[in-house]
Structures are given as structure tokens and as C-alpha cells.
Amino acid sequence: MNRWKVIMGSGRVASRWLVGLLSIVLAGLSGFAVLGSREQAEIVSQLASDSANTDAYQRTAYLVAWEMALIQASMREPDGEERRQLLSVYAQTQQAMIEMAAIDSEDPLLTAEIVREHQGLRPQILAYLKLLDQGDAEGAEERLEKVIEPIAMEIMNVVLDEQRHHLALHADQQAAGEAESQSLLLGSLLTFTVSLIALVLFGWSNRSHRRQVEDMAITDPLTRLPNRTAFARRAAQALADESGHRRRPGRARLGRPTVLVVNLDGFRDVNDQLGHQIGDLLLIRAGRRLQKAVRENDFVARLGADEFAVLLRDTDPTIGETIAARVTEAFEDPFVIDDVTIDLEVSVGAATAGPGEDVPTVLQHADTAMNLAKEQRLGFRRFSNTGTGDSNARLTLLGDLRRALDTGDEITLNYQPKIDIGTGELAGVEALARWQHPTKGPISPGTFIPVLEATTLIHRFTHQVLTEALTQVRTWLDLGHRVPVAVNISTRSLLDPAFPNLVASLLQQARVPGEQLCIEVTEHSIMTDPNTAIEALHRLRSLGVKTSIDDYGTGYSSMTYLRLLPLDELKIDRSFIKDLVTDTGSHALVASTVELGHNLGLAVVAEGIEDADTLSALHELGCDLAQGYHLARPMTADALTQRIHRPAAMVA
């Protein structure tokens, strides 16, 4: 018995020693793992830093090469696309070099010198482009070969050397990281307990990662709102619940799902003018403001770009209008981002799910209503089946317009004379588009012009109208008649950076002096993007082209912009002219507009003259030009030519 006790006692002691030994071993392995993990973390951090340096030099090298290629291409084609891209790519290259210098702590003096050298290259590039603009190809080539290329090649060589150097460092660090990983792997396999712990941790990590991936799949990464996928799931569940309620009437009813689609009006302009960083911050804050505007149980999601959606459940059939009003009111206050104040409005479309409708159908209906609200500047629009018919009709009309532009013979021009009120002589004409549809007959410009303006087809239409108008001016010039023509230009065309170049090219092709063309634009076109519009008008004026504000008085341009605009003419809208004789308010407005135009050195045109009394009143007010049915209706070019040959018949 005593011997057994001794044996048992010895076993307990051995067990304690074994437990102690295992504890020491596990503690040692844990310490080894901690130290190894720390070293691994340092290596990973260094690898990330080296990778950033390498990426920065690779991006810089690419941009430097691209920049040089654009410089050389500008010599071959001074008016080519590469020339227009050059200064933008130069700016990207300079920014890449600055970022490279900021993250490269190994060679700060060298990277700073590269930045300074490239910064000094800008004046040389500008001088080079100026020589090209002046047609001095020999001088431009000399500057390219003797100044620009040596500096660019020196920068390129330095960047490539540094890139190779950092690639080598990165490779060494990567090898060291792999060796350390191998060491850690061997240490981890020494004990079953450590392996078991690792497996448990891996399982937990895997589940956590899976949950994270699932969350990412239904979350917008920028705003952290649910995305389109999450919205579709929630809406599908709402539709299923509503269908289940109809099958089980005893359940509490939440109401048919209503979807709001919310679009941020003018967001594209924010991105273009203030940059994507401000645009992203604006989207984040807009999402937060939208969440605060709706009720706690309403589901808000970002569908993409500048569109959000709200899912509503309520027995009130007007809940869409109620929440839309709250959303609209929430966006009345401006956003302030980085000391920049941004006024943003929203267009909201609503659609309530009908029997048998699925999620894509309801979303499409709400989106259709939103687009109508945006086009008509209503702020809010609820979907109706008649709207679907209108949309289908617009799509059909758009297809017919595309075919008409392809054939080139359905859309023609009529010309309405503009008469000098003082002398009664022809002062010019306005070109008016007419569409003779092969099966539907004449289609009003008020019907097809808005459809064109909503698409890029407006550019083809503008090209065709300008071409035909200038060709006719050339014909009249060949007959000995100087008849200036005015052409209405849409907002899209005016704000297109290529538009002034198009006008210059068409003037040259038609051999028409610039002063024989007048471009008419509305106040709305200018105020959509004043800076771009003013620049475009200045470029047109440099061609000798005259410019006119059409429908003056119906927009919202300020006196400041009116003073800054390079204009030749104000055209008073017909809504003020029709009651000129009978309404003292209209008479006062027209009189003040005539005086304002003359004080600014502009000719003043009145349109919509329907009777002799109105024409006489305009003459007394000192208005310069007039057009309207009382004077002459729009007519074909041949009919107008015949009237020119018979001056007495000019005024109808």
C-alpha cells in the first residue's frame, strides 16, 4: 500500500512537472509567435511602404512617357486630340511627382529636384504650344529638340533609375518576408495545442470574413447605405408580405410598398467643377440628410451615381407625396464642404406597387417619374400609366429623329425675316427647323426639339442646321445679297468644348464671313454653366460671329452676367410684345429693356409682332429690329430669295 502511495505520489509530481513543462513550452511558443508576428508586421509595413514607392515611380514614369508622346504628337498635329490632352497630362504628371516625393523618404533631395525640374518645364511647353499656334513649326521643333526633350529625358532617366532601385528593394523585402513566414509556420506546427488554437481562430476569422463579404455585397462603399441589391431584397420582401396579407386577411396590414427614386440635380456639375473628392463628400452628406428626412422605419439606399431610393410602407395612399415633400424641404439648405457652399435640389419620382408587379417594374416606374420631374422641373412626379405611353412615344420619336438625321432630307430650314424698324429693310433672317415626317406629316419643333436636347443627337442636329444655313448664306452672297442668318443653339451645344471649333470649321467650309452668322442662346443656357458659356461666346466672337440672347426676360440672368457677356443683341420674348399696346406693365418692361440694351451697346430685337399698332409702338420706343407674322412668316429659301429681288414685297 505504501509502495502504491509512493507510486501515486510520484505520478502526481510527474504530472505536475509535465503540466509545468507544457506550460513553459506553450508560453515559449506563444512568445515566439508574438515576436515573430511583430517582425512579420514590420516586414509587411515595410513592404507596403516599398510598394507605395514603387507604384508612385511606376505611375510617374508612365505619365512622363505619355507627356513626352503628347508633346511630340502636338508637333505632328497641332490641332489634334493629343494637343488638347497635353496640359491635363502635364498636370497629372506634376501631381504624381509631388505624391512620389511625399512618400519617398529615402531620396528626398533627389525627388524634390525632379519635381522642380518638371515644374520648370511648364513655361517651355506653353512657349512651344504658342509657337505651334502661331504656325512657327521650325521654332517649335527647335524648342522641342534643344530644351524640352533634354529636360524630359533627364527626368525620365532619373525616374526609371529610381524605379529599378525601389523594385530591387521591394524584391529583397519580399524575400525576407517569405523567409520569416516560413519560420513562423514551422514554429506554429510544433504543438497540437497551438495548431488547434490556430484552427479555432481561423474558423472564427472565416466566419467573420464571410459576414463582412456579405455586408459588402449589400452596402454602398462610399455612403455606407444599403446598395441596389439590398434595396431589391427589401422591396421583394415587402411585395411578398403584401401578397401574403391578401392571402391571410387576419394579419396587420402595412400597406402597399411605395418606392421613391431621388436624383441630385446638378451633381454632375459639382463633380466637373469642384472635383470628385468634393463630389464624394457631397454624396455622403446627401445620404445622411436623406436618412434624417424620412421616417425611422423607411428604408434608404443608394442605387448608384447620384440616385437614391426610399422604400415606404403605409396604408396612407399619399405617403409618397408626404415623404417626397420632406425630402425636398431637407435639401433646401445648402451644403458647406471645405468652405465651399453648394446649393443642391432634388427630383423625386414615386411609384406604388400594383397587383402582380415585381421590384424591377416598380423601380422602373419610379425612375420614369423622376426623369419626368427632372425634365419638367417639377421637383416631384408620381408615376401614372399615361406617363408610360408618353415615354414610349418619346422613344419612338427619338428613333425617327435618328433616321431623319441619317437621311438628311426630312429636316429642312425655313427663314423668317428680321426687319429694320426704322427703314423697313431686311436686316437678316432667323433659321427655323422644320421636320416633314414621311408618315406623320409635319411635326412641330416644340415636339421634337426637346427630345433632341435630352440626347447627344442634338450635336448632329446642330451640325446639320448650321451647315444648311451657312450654305444658303453663301448662295445669297454669290447672288450679291448680304443676308445674315441667326441660328438657335441648345444648352448642350453651347457648353460643348468643341462647339466653337465646329463653327469655325463650318464657316471656313462654306466660305462665309463670321459676321454673317448670329448665334442665339437663351438665358437658361448661359446660367447653366456661366463660366463655360462665357468662354464659348468669347471664342465665337473671336471668329467674328455675332451673339444674341433669345427670349430675353423669361430667364434669370443677373445684370452682372449681362454686363460680362460678349453680346451683340437682345431679343425680347414675344410674351412681353403681345400686350405691348394694351398693358402698361408690358410697355414699361419693353421700354426699360430697349434702354438697357442700348446703354450696353446692343441691338434690340422684338419678336412676335402681330399687328401694325405693336410695330408702331416699338418704333416709338426706339427698338431696332422686329420679326413676326405681321411682317413676314417663315418661308423657304427660294421664296425669300424672290422677295429679296422684289424689296417692296418684303413686308407681308
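Figure note: TYR552, TYR128 ranked by solvent-accessible area, largest first, 1.4 Å probe, ligands and nucleic acids not counted: TYR552, TYR128.
Each peptide among 226-238, 409-421 gets the average number of other Cβ atoms lying within 10 Å of its residues, and from highest to lowest they stand as 409-421, 226-238. Annotation: amide H of GLU569 within the under-5 Å range of THR547, ILE549, ALA603, sequence separation 5 or more or interchain, hydrogens built in the peptide plane.
The amide H of THR522, built 1.01 Å from its N in the peptide plane, has ASP550 as neighbours under 5 Å, considering only residues 5 or more places off or on other chains. With the highest mean first, a sort of the peptides 209-215, 568-574, 454-460 on other beta-carbon atoms found within 10 angstrom per residue produces 568-574, 454-460, 209-215. Taking amide hydrogens as placed 1.01 Å from N in the peptide plane, the amide H of ALA427 sits under 5 Å from those of LYS418, ILE419, ASP420, each at least 5 positions away in sequence or on another chain.
Estimated at 0.36 nm per residue, the fully extended path between THR341 and ARG563 surpasses their Cα-Cα distance by 77.4 nm. Placing pseudo-labels 7 Å out from each Cα toward the beta carbon at ASP55 and ALA179 gives an inter-label distance of 2.7 nm. Can you give the net charge of the other residues whose Cβ lies under 14 Å from the Cβ of ILE337, counting K and R as +1 and D and E as -1? Summing Lys/Arg as +1 and Asp/Glu as -1 gives -2.
Under a Cβ-Cβ cut-off of 12 Å, what is the net charge of the residues other than ALA510 that fall near it, where Lys and Arg count +1 and Asp and Glu count -1? With Lys, Arg at +1 and Asp, Glu at -1, the net is 0. Measuring between alpha carbons in the structure, the pairs from LYS546/LYS578; LYS374/LYS440; LYS374/LYS418; LYS130/LYS418 lying more than 31 angstrom apart are LYS374/LYS418; LYS130/LYS418.
Counting only C-alpha contacts under 8 Å and six or more residues apart, can you give the relative contact order of segment 500-637 as a whole percent? Intermediate values should be presented prior to the final figure.
On the way: 201 pairs, mean separation 24.5, N = 138.
So the answer I get is 18 percent.
Go ahead and run the numbers for FRET between GLN119 and GLU535, Cβ-Cβ distance against an R0 of 22 Å, rounding to 0.05. Mind dumping the intermediate values first?
Numbers: r = 26 Å, r/R0 = 1.19.
For R0 = 22 Å, the calculated efficiency reads 0.25.
In the assembled protein chains, SER592 presents an accessible area of approximately 60 Å² (probe radius 1.4 Å).
Please work out how much length the chain gains when fully extended from VAL581 to GLN277, using 0.36 nm per residue of separation minus the C-alpha to C-alpha distance, in nm with one decimal.
Working: separation 304, 0.36 × 304 = 109.44 nm, distance 5.50 nm.
Working it through step by step, the gained length comes to 103.9 nm.
Segment 455-481 and segment 593-635 have their alpha-carbon centroids 25 Å apart. Here the Karplus curve 6.51 cos²θ - 1.76 cosθ + 1.60, taken at θ = phi - 60°, turns the phi angles of segment 348-359 into couplings of 10, x, 10, 8, 9, 4, x, x, x, 7, 9, 4 Hz, with x standing for Gly and Pro. Here the simple spin-label model places points 7 Å from the Cα toward Cβ, and for GLU375 and HIS645 these points are separated by 4.5 nm.
Distance between the pseudo-spin-label points of THR396 and ARG84 (7 Å out from Cα toward the beta carbon): 3.7 nm.
Calculate I(q)/I(0) for segment 220-322 by the Debye formula, one identical point scatterer on each C-alpha and no solvent, and give its log10 at q = 0.12, 0.15, 0.21, 0.23 Å⁻¹ to two decimals. So the normalised log intensities are -0.46, -0.66, -1.07, -1.20. With a Förster radius of 51 Å applied to the beta-carbon distance between SER592 and LEU167, the computed FRET efficiency rounds to 0.10. The phi torsions of segment 433-448, fed into the Karplus equation with coefficients 6.51, -1.76 and 1.60 and a -60° offset, translate into couplings of 6, 10, 10, 9, 6, x, 10, 8, x, x, 10, 5, x, x, 8, 8 Hz, rounded to whole numbers, with Gly and Pro shown as x.
Here the 3J(HN,Hα) profile of segment 413-424, calculated from phi with Karplus coefficients 6.51, -1.76 and 1.60 at θ = phi - 60°, is 10, 10, 10, 9, x, 10, 9, 5, 5, x, 10, x Hz, Gly and Pro shown as x.
The values are calculated or read from the model by the stated rules, or taken from the named source; none is laboratory data. As the structure is a prediction and not an experimental result, all values here were calculated from the model. Cβ coordinates were reconstructed from backbone atoms using ideal geometry, including for glycine residues, and neighbour counts include every protein chain displayed. Just the protein is used for accessible areas: all its heavy atoms, side chains included, with ligands, DNA and RNA removed. Shrake-Rupley method; radii C 1.70, N 1.55, O 1.52, S 1.80 Å.
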